[in-house]
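Notes to accompany the following structure.
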């Protein structure tokens, strides 16, 4: 009885907190009260500021010179400096660790492996990336991902596609936890197949879960019967309803401000901006010291007296020198080091120069510095929309994995737009039909399936196509040149490496300054 009473009291407290988040105040447009069940109950919940998601650090945005900060020793000329502005956002303090990824694999195995074992198999990192024809790396093949000695090391052998899938999974787990903490949902360890918490499916009303206490519905005055023909949801209790009514009420909406935006890979501009950490060397609006690396100055060792001469990150000093001389190791890491090793930059981000390189969102093009927009630059937009039933206008049912179904924006839906007129904008100004002019004459592209090949002959004279993704930063097997945030390289989005990992980012909604 004591336990049941405790739950009843907890539910009552949760209900009080939820109700307290709605306050009557007059609309500046109409004078009608918000959150008043007598006038229909248009609901406006109090909202202070975006909550910082687990593992994230706030990155205050601004303008900066994106591109190379030193001579291009590779003569690629694909990162000419240009001034752009990056909006404030959030970014992982460290790379995603083996432990984080193992948690992801465990969840996939628990939820999908009975009926869809391929979901788990497709998410597995490729541990064979450690093999070398002329080196003894078999212990790393066997132990690096799963042995507890490496649990805090960055996960590698993960493709760009797999990294994006992890971001989507992390979004759902974080938002599910937020609803559990607020007493809206209960733990449900028996989720299987399509019956698993997915943020978009929940918002669309296609996932219910184990409801503890939904938010009160204030659309109808207490005790009043709904109007004839009114939706059944109007039978739900109003803002004054008693607590402890189980699933009565309504589900959380985006307007409530409870759920966080999506975890995702950072764009190339975001990653480079965060790596430079210019907040540490500015005076008002003047950048008073140029940086080659994420720390001040042009040296790979610290000049602080306490740590004088210590390496600032994990990289290859020279041919055959990965960690220094025994008894006086320089970076002390022959392979990736544990996440959070070495010194953070001024944003508090670790390993933005070395350790492992990191996937970013962008499709690679050598002339991005000339083509992309100067506000939130990004190449890779493939605009999509949720699939709806044409007869009813309602969303079609989620797929067998529990995800809302999307399709590319149709030409008909984009035809009269001024800001875009097709779904696939990856090649805009660099590979699409409008870009292919030969001596002032439009090329015939009528029967061409892949317009990109007009500029980049993939596997003939180029390795660039629409699936070439940028990765940034140096890694444990790179020399110092690649530790500069402005350097850029690319691989196919399905490729995997023993030197490439990733970290997640999240969009900042609202103001650019945290807490304001």
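The values are calculated or read from the model by the stated rules, or taken from the named source; none is laboratory data. Source: prediction; values computed, not measured. Cβ placement follows ideal geometry from the backbone for every residue including glycine, while neighbour counts extend to all protein chains displayed.
Quick check on residue 365: is it closer than 25 Å to residue 56 by Cα, within 26 Å of the chain's Cα centre (by Cα) and at pLDDT 90 or above?
It is false that residue 365 is closer than 25 Å to residue 56 by Cα, within 26 Å of the chain's Cα centre (by Cα) and at pLDDT 90 or above.
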Checked the stretch 59-74 for anything in contact (Cβ under 8 Å) with a residue 24 or more places away in the chain and either within 15 Å of residue 272 (Cα to Cα) or not assigned by TED's automatic domain parsing to the domain that holds residue 508 (or both); matches are 59, 60, 61, 62, 64, 66, 67, 68, 69, 70
Review point. On the given criteria, is residue 255 assigned to a helix (DSSP H, G or I), at pLDDT 60 or above and within 30 Å of residue 36 (Cα to Cα)?
Key: yes
Counted residues in the stretch 183-204 being touching a strand residue (DSSP E or B) at 6+ places or on another chain (Cβ under 9 Å) and in a loop (DSSP other than H, G, I, E, B) come to 5
Of the conditions (1) part of a loop (DSSP other than H, G, I, E, B); (2) crowded, with 16+ Cβ neighbours inside 10 Å; (3) at pLDDT 95 or above, the single one that residue 79 does not satisfy is (3)
With the condition kept exactly as written, say whether any residue in the stretch 140-160 is in contact (Cβ under 8 Å) with a residue 40 or more places away in the chain, on the phi > 0 side of the Ramachandran plot and either in a strand (DSSP E or B) or in the same structural domain as residue 499 (by TED's automatic domain parsing) (or both).
yes
Original post:
Among the residues of the stretch 284-303, is there at least one that is modelled with pLDDT of 85 or more and touching a strand residue (DSSP E or B) at 6+ places or on another chain (Cβ under 7 Å)?
Top reply: no
Cβ pairs under 6 Å, 6+ apart or interchain, first in the stretch 180-198 and free of Cβ contacts under 8 Å to residues at least 24 places away in the same chain, second surrounded by fewer than 20 Cβ atoms within 10 Å (Cβ to Cβ) and assigned to a loop (DSSP other than H, G, I, E, B), ordered by first then second residue, are 188/210
TODO: Examine the stretch 402-411 for a residue that is at pLDDT below 90 and assigned to a helix (DSSP H, G or I), and state whether such a residue exists.
DONE: yes
